[in-house]
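Colleague: Structure below; questions to follow.
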Amino acid sequence: MRWFRFAVLIILVAVVQASLLADLNIRPELPLILLVFFAIYCNPTHAIVTSFAIGFTADLIGPVMGPHTISFGVCGTALAYLHRVIAVRKMPYQALAIFVASLVCGALTHLLSFFQGEPLTAQIRYVLLATSIYSAVVGPFLFLPAAWWMRIRIDRFSRH
Amino acid sequence: MAGRHIRFSRRMLFTWFMLAASILFFAPQSWTNKFQFAFARIFRWPLSIGRNISLSARTTPQTNAPANDKEAQYKSYIAYLEEALKQANLKIEKISGLKDRLPFQGAKLMLADVYSVSMGPLRCELMINRGHENGLEKGQFVLANDTIIGALSEVSARTAVVRLFTDPGSTVSVSLRGTATARLLMQGEGSRTAKIKMVRQKAKIGTQVMACKMPEFLDAPMVVGTVTECRRNPEPLLWDITVRPACDIQALNDVVVIVMNPES
C-alpha cells in the first residue's frame, strides 16, 4: 500500500467534493466510492485503516466530526470481510456494492448526526436514494484512475 | 528489540479506530470543529479555485457566437476582472457606505471573504475568513447585498461558519413587510428556500420578508428575502409561504457580519 499516494488522493477527493461538487443538489459521494474501491482491492487490514481515514476526511468537509468516521469505518470493514466471501469484480456488482454501501453509510451517518443535534429533514430519503444511484453509476468508472494512481492492478483478482 | 515490528490483529485495529472515532463523536463540537477549520485554512487555495471553477461553469452564458467573438468576450471578461480587482481596494469605503445605508447605530460591520459554499438539500452553509480574533461571536447576523442571509453557527479563532436561513436547521423570527402580521417563524428547507408555515393571511408574491429585531444581534428589522409562493395549508384558513433569499448566495465572494456591540 502506498500511503503517501493514498493521502494525496483522499485530500484531492475531499477538496473536489467540498468545492467543485458542493453547489450541486445531488452529487456523487466521492469519499464513499473510494471506500468501496479500497475495500475491494486491498487486504482487510489496509481496508480498515483506509475506511477510517476516508471517514475522517469526509468529516472534515461535513457539518460535524465523528459520524462519517464511524459509519465509513464500520461499512468499509464489513465490505472488506464480505469481499472474502462474495467477489465484486464486474462493474455491475461494483455499482451494486457502491449503491448498498452508500445507502447504509448515508443512513448511519445521518442517524449519528441527528444524535449530535443536526436536523433530519423530510428530503433525506430522496437525497440518500439519489446520491446512492448517482454514486453507483459514476463510481465503477472512477476505479480505473484510482487504481492507476494507487498502482493497484485491478485486472488480477485476489481474495486476501 | 528495537527493530521488531509491532503487529496488531485486525480486530484490535478495528477496536482502536472505533474508540478513536467514538472519542471524536462524543467530544464537544467546539473542540472537534477545529479540525474542520484547520482543513479549510490549509486548503483554502485549492478550495477557492474549485469554487471559482464551479461558479464560472454555472454562470458561463451559452451563445453560438463565433470563436473571434468569444475571444473578444474573454478579453472583456479579463478587463472586467482587472477592474474588479482594483475595486477590491475600495472595500473599506464599501463598508462605510453600507453603514450609511443601514439603520445601525454604533454597530461594527466586519467584511469577510467566503472560503467555501455548501448549498444542498440538507446543508446550506458558508465558511468565512473571520473569527473570534475579529470580534465575531456565534449568533451574529450576516449580510450580503444589504440583506440578511444567515447567522454565524460556529466560530473559531480565524474562521467561522455561516448557517444560511435556507438551511434545514435554521429558524428565524420574521414578519411580512406591509402587513399587520405578528412575528412568524421561518424554517429553512434546504435547496435555496425557506418556509413560513400556517400563516393566517395570504401573502402576495414578491412581498419582502423582514427579520425581526433581536436584542444584542439586530437593532432594526432587515430584509431577508421575498415571497415566491403562497399555498393553502391542509388546515383550513391557513397558508404556507415559500421564501427565497433576496440575493444569489452562490455568487457571493464576500459578506458582512454585523457586530452590534463591538468591544472597542
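A short reminder: the numbers here are calculations on the coordinates, not readings from a lab. Just so it is clear, the structure is predicted and the values come from calculations on it, not from any experiment. So basically every Cβ, Gly included, is an ideal-geometry build from the backbone, and we count neighbours across all protein chains shown.
Colleague: For the protein assembly as shown, taking Cα atoms only, what is the radius of gyration to one decimal and the Dmax to the nearest whole Å?
Modeller: Every Cα atom of the protein assembly as shown included, Rg and Dmax give 24.1, 81 Å.
Colleague: Mind listing the phi-derived Karplus ³J(HN,Hα) values for segment B:203-215, rounded to whole Hz, using 6.51, -1.76 and 1.60 with θ = phi - 60°, and x for any glycine or proline?
Modeller: Once θ is set to phi - 60°, the couplings for segment B:203-215 become 9, 6, 5, x, 4, 7, 9, 10, 6, 6, 4, 9, x Hz.
Colleague: Continuing with the same structure: From the cross-link list B:Lys138/B:Lys213; B:Lys34/B:Lys195; B:Lys108/B:Lys213, which pairs have alpha carbons spaced over 27 Å apart?
Modeller: B:Lys34/B:Lys195
Colleague: Give me the one-decimal nm value for the distance between modelled label points at A:Phe4 and B:Lys213, 7 Å along each residue's Cα-to-Cβ direction.
Modeller: About 6.3 nm, to one decimal.
Colleague: Compute for segment A:1-104: radius of gyration divided by Kirkwood radius, i.e. Rg/Rh, restricted to C-alpha atoms, rounded to two decimals.
Modeller: 0.95
Colleague: Once the piece of chain linking B:Ser48 and B:Ala72 is laid out straight, how much longer is it, given 0.36 nm per residue of separation minus the C-alpha distance between them?
Modeller: 6.0 nm
Colleague: Can you list residues from other chains, or at least 5 along the same chain, whose modelled amide H is less than 5 Å from the amide H of B:Met222?
Modeller: B:Ala211
Colleague: Using a/c under 1.5 as the rounded threshold, could you call segment B:106-260 rounded, prolate or oblate? The axes a ≥ b ≥ c are square roots of the C-alpha gyration tensor eigenvalues, and prolate needs a/b larger than b/c, oblate otherwise.
Modeller: Prolate is the answer for segment B:106-260, as a/c is 1.5 or above and a/b outweighs b/c.
Colleague: What are the residues whose amide H is under 5 Å from the amide H of B:Gln140, where those residues sit 5 or more places off or on another chain and H is modelled from the backbone?
Modeller: For B:Gln140, the qualifying residues are B:Leu152.
Colleague: Expressed as a whole number of Å, what is the distance separating the alpha-carbon centroids of segment B:113-180 and segment B:192-264?
Modeller: Their Cα centres are 13 Å away from one another.
Colleague: Multiplying the sequence separation of B:Ala38 and B:Arg244 by 0.36 nm and subtracting their Cα-Cα distance, what value in nm do you get?
Modeller: 71.0 nm
Colleague: Further, regarding this structure: How far is it, in nm, from the label point at B:Asn145 to the one at A:Leu129 when both lie 7 Å from their Cα along the line to the Cβ?
Modeller: Distance between the two pseudo-spin positions: 3.4 nm.
Colleague: Once a ≥ b ≥ c are taken as the square roots of the eigenvalues of the Cα gyration tensor of segment A:15-68, is the result rounded (a/c under 1.5), prolate (a/b larger than b/c) or oblate (a/b not larger than b/c)?
Modeller: It comes out oblate by the Cα gyration axes.
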